[in-house]
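None of the figures in this text is laboratory data; all of them are computed from the coordinates on show. Fair warning: this is a prediction, and the values are worked out from it, not measured in the lab. Cβ sites come from the backbone with ideal geometry, for glycine too, and all protein chains shown count toward neighbours.
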Amino acid sequence: MPDPILSLKKLDAFYGDFQALYGVDMEMAEGEVIAIIGANGAGKSTLLRSISGLMSNESDQVNFLGKGIGAHRADEIAALGLALVPEGRQLFPSLSVEENLLIGGRLNRKGPWDLQSVFDLFPVLKERRAYPSTALSGGQQQMVAIGRALMANPDLILFDEISLGLAPVIIKSIYDALPGIVGDGMSAIIVEQDISKALSVSDRVYCLMEGRVTLKGAADSISREAISHAYFGID
Amino acid sequence: MFAAGLSLIFGVMRLVNIAHGDFIVLSAYLGLTVVASTGMHPLLALIIVVPTMAAIGYFLQRGILNQTLGDDILPPLLVTFGLSVILQNLFLAGYSADPQKMDAGALETASVSVAGLSLGILPLLTFGIAIVVIASLQYMFFCTSLGRAFRAVSDNQDIAQLMGLNKRHMFGLAMGIALGVTAIAGILLGIRTSFDPTAGSARLIFGFEAVIIGGLGNLWGTLAGGIILGVAQTIGAKIDPGWQLLSGHIAFLIVLAIRPQGLFPRVSG
Ligand SMILES: Nc1ncnc2c1ncn2[C@@H]1O[C@H](COP(=O)(O)OP(=O)(O)OP(=O)(O)O)[C@@H](O)[C@H]1O
Ligand SMILES: [Mg+2]
């Protein structure tokens, strides 16, 4: 494997006294798309929060582009080229659709994504650009959240349950847009409850259960039985 | 205008600054010192005092106040309260307890006649500056990328960090701008009336009242709140000088009773 874009070494995470991650190891090659699956409360969001710097760790527990970033602040990590599409979208309510996108692009990193290309990807956002972000449907808000992260032209983008609470047809249109996003070399981690959706877009899968990695493997060769075993801990 | 600073700090950082009244007095004393040592006109002293106060605000926020911000609102309250006490004692030590005042020469008494009404230049100027300052703040907030960043941080600090915004820096900037605005208010105050080391506390109460009447976080509302209080005080003073302060408070209570959310509740800012 060439130099990994991201590697995690024995990553732990805590909420007060409660330990949410136990020694998670992970390696990711540049351009790879990794799916992370697991039941509710398995620690998937916690993992993404740790990587993106919203939860702080020891420096060498998270390594991004050859730098130990475990102890960096989230804004420093963002500037290095890592973006998160947070669970539940989390748009800025007092900003319009366009302003939400612009603030995603304020780091001014070079790359293919700008207001125009995001509007090309999700044309409906162009019509609604002046609306408050709260005046959009759930699916449209999710598009804004994805666009906002893309505007930073990240090298690695993390998606946390982008299909949560959306109608199947919207989910389909968002997943149809994914290859266009990760197609040109961007690496991605996709957290998803829907296993078949996750497998369909990813190269490799990690399964988390109660804060530990219980399974990993190539998306096209992993068996259903192995997944349900790793997912629920039952035989 | 003083209240606008207070409103700004609360709006962006959810920080209640007990020492804010003392910063207005600090600006007035700084103005006094500048005027005394250079002999320049008090209004010109703004050029020095505003950036000085802005810098004080930024470093105060980065150095001390950021440490206190968290889910709990008590620590910043205590720290700014302590700051207030410290500042008042410094004023006492540095400038004595005597009331002092800046001399702006003819400007203080000059007046113009509009439709038979005689209006003082100074109050007009104060009002004009207040409008310009609030209009610029409003513009900064809603039409610039800095303002966009302030609103994002105010909405959701964590997610704003993900956009590459360092919230500590943003808070520092907000405090710097707030104290810069306060400096303008402080100089104008020092020209209009005399002040002493404890003058800040009374201003703080009126500042809060103006902010609350206007609706939290709404700058134009804050200006309107300030005008309502000012008018109430003037009317009160006409009835009986002793009523001046009281009538301001009464106006505040009446507004609260009628519209507890403030006259102009926060719309989108
Ligand atoms: N802020 C918090 N404080 C305390 N415990 C938390 C907090 N957030 C999450 N947890 C706990 O950490 C564990 C992992 O949570 P996490 O949100 O990472 O799960 P998840 O895999 O993303 O679940 P979901 O599929 O429901 O989003 C859970 O047991 C949860 O209760
Ligand atoms: Mg989650």
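A few points about this structure:
- Our summary gives the stretch A:1-152 a relative contact order of 20 percent, counting only alpha carbon pairs under 8 angstrom and 6 or more residues apart.
- Shielding by other protein chains, B:143-156, mean Cβ within 10 Å: 4
- Local electrostatic count at A:Ser163 - Lys and Arg +1, Asp and Glu -1, tallied over other residues with Cβ under 13 Å: -3
- Dipole of the protein assembly as shown computed with +1 at Lys/Arg Cβ and -1 at Asp/Glu Cβ about the Cα centre; of B:His249, A:Met26, A:Gln142, farthest Cα towards the positive end is B:His249.
- Charges were assigned to the Cβ only: +1 to each Lys and Arg, -1 to each Asp and Glu. The resulting dipole of chain A about its Cα centre is roughly 460 debye.
- Using the Cα coordinates of chain A, the gyration tensor eigenvalues translate into equivalent-ellipsoid semi-axes of 28, 21, 17 Å, sorted from longest to shortest.
- Exposure proxy for B:Leu223, B:Leu188: other Cβ atoms within 10 Å of each Cβ, ordered fewest to most, give B:Leu223, B:Leu188.
- With respect to chain A, whose longest principal axis is taken over its alpha-carbon atoms, helix A:168-182 is tilted by about 80°.
- Long pairs among A:Lys67/A:Lys126; A:Lys10/A:Lys44; A:Lys10/A:Lys110, criterion Cα-Cα beyond 27 Å: A:Lys67/A:Lys126; A:Lys10/A:Lys110
- Inter-chain Cβ neighbour count for A:91-97, averaged per residue, equals 6 (cutoff 10 Å, partner chain atoms only).
- Each other residue within a Cβ distance under 13 Å of A:Ala219 adds +1 if Lys or Arg and -1 if Asp or Glu, for a net charge of 0.
- In chain B, helical runs assigned H by DSSP with n ≥ 4 each contribute -39500 (n - 2.57); averaged across all residues and rounded to the nearest 500, the mean residue ellipticity at 222 nm is -23500 deg cm²/dmol.
- Ranked B:Ser113, A:Ser202, B:Ser201, A:Ser96, criterion: other C-beta atoms within 10 Å, fewest first: B:Ser113, B:Ser201, A:Ser96, A:Ser202
- Residue-averaged [θ]222 nm for chain A, counting only DSSP H segments that reach four residues, each worth -39500 (n - 2.57): -9500 deg cm²/dmol
- Across peptide B:161-173, the mean count of Cβ atoms from other chains lying within 10 Å of each residue's own Cβ comes to 6.
- Chain A - share of DSSP beta bridges that are antiparallel (%, nearest 5): 55
- Cubic angstrom per residue, convex hull over Cα atoms of the stretch B:2-197: 125
- The alpha carbons of the protein assembly as shown give a radius of gyration and a Dmax of 27.9, 94 Å, in that order.
- Computed over the stretch B:2-197: relative contact order in percent, which uses C-alpha pairs under 8 Å that are six or more apart: 44
- In the protein assembly as shown, the DSSP beta bridges split such that about 60 percent are antiparallel, to the nearest 5.
- Distance between the stretch A:141-220 and the stretch A:52-76 - C-alpha centres, whole angstrom: 21
- Long hydrophobic helices in chain B: the complete DSSP H runs spanning 18 Å or more by Cα along their own axis with mean Kyte-Doolittle hydropathy of at least 1.6 are B:46-60, B:121-143, B:243-258.
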